[in-house]
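Trainee: This is the structure I want to talk about, given as structure tokens.
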Amino acid sequence: MSASFDAAYQASILSSNEGGYQLSNIPGDKGGQTFAGIARNFHSDWYGWQLIDSGAALNSTVLIDLVRDFYWKEFWLPINGENLPPRIAQQVFDMAINSACDDAAKCLQLAIGTLLVDGSIGAKTCCAVSGADPIKLAARFNAQRARHFAKCKPLQPGWFNRLADQIERGVA
């Protein structure tokens, strides 16, 4: 794992966005019960659920390591986070977590405006991103993110609040 991943992880998982290492069950959230943002309804095979169900301490090193590994494999690697500028990687990572990796990739590609929108962040997307102004690109990405959320039915609780939190904290 890398410093860029650590910063993105800190901003998304350990912030108010995913609530850190705690269990939650927000009414109306399609994911159902979550731990550190990992939704049981969508990731029921995640090994951490077995530990939680057996009464493991929620702050155990093993459980925390499983969470970090989950986010690295499920979100950071698919968005090619190591090959994106940190400001952009963090934004794409955050959207991938609460929407999907391909949705986040499409929003990034739409924000760049010169790419085939295929939902996969490969060499061409990384090259285009590296040549863009990161502040302007982050603003355009977040506009695309808001448009994407507005089209989703039903709208999930907290999506726009999450985006606003990113912008207010100066991540975007």
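The values are calculated or read from the model by the stated rules, or taken from the named source; none is laboratory data. Here the structure is a predicted model, which is why all the values come from computation and not from measurement. Positions of Cβ are generated from backbone atoms using ideal geometry, with glycine treated the same way; all protein chains shown enter the neighbour counts.
Trainee: Among the candidates SER54, SER60, single out the residue that is surrounded by 13 or more Cβ atoms within 10 Å (Cβ to Cβ) and of a type outside the set (Asp, Glu). Steps first, answer last, please.
Mentor: Details: SER54 fails: surrounded by 13 or more Cβ atoms within 10 Å (Cβ to Cβ).
Every option except SER60 fails the conditions.
Trainee: So is PHE35 at pLDDT 90 or above, under 15 Å from ASP94 (Cα atoms) and surrounded by 14 or more Cβ atoms within 10 Å (Cβ to Cβ) or not? Outline the logic, then answer.
Mentor: Details: at pLDDT 90 or above: yes; under 15 Å from ASP94 (Cα atoms): no; surrounded by 14 or more Cβ atoms within 10 Å (Cβ to Cβ): yes.
Answer is no for this residue.
Trainee: Among the residues of the range 115-147, write down those that are small (Gly, Ala, Ser) and either within 20 Å of the chain's Cα centre (by Cα) or surrounded by fewer than 16 Cβ atoms within 10 Å (Cβ to Cβ) (or both).
Mentor: Within the range 115-147, the first condition is being small (Gly, Ala, Ser), and the residues that meet it are 119-120, 122-123, 128, 130-132, 138-139, 143, 146.
Result: GLY119, SER120, GLY122, ALA123, SER130, GLY131, ALA138, ALA139, ALA143, ALA146.
Trainee: Among the numbered criteria (1) out of contact with any Pro (no Cβ under 9 Å at 6 or more places or on another chain); (2) in a loop (DSSP other than H, G, I, E, B), which single criterion is violated by LYS30?
Mentor: Failed condition: (1).
Trainee: For the range 90-133, give me each residue that is among the small types (Gly, Ala, Ser) and either part of a loop (DSSP other than H, G, I, E, B) or modelled with pLDDT under 90 (or both). Steps first, answer last, please.
Mentor: From the range 90-133, those among the small types (Gly, Ala, Ser) are 96, 99-100, 104-105, 111, 113, 119-120, 122-123, 128, 130-132; that's our starting set.
If the condition is that a residue be among the small types (Gly, Ala, Ser) and either part of a loop (DSSP other than H, G, I, E, B) or modelled with pLDDT under 90 (or both), then SER99, ALA100, GLY113, GLY119, SER120, GLY122, GLY131, ALA132 are the ones that fit.
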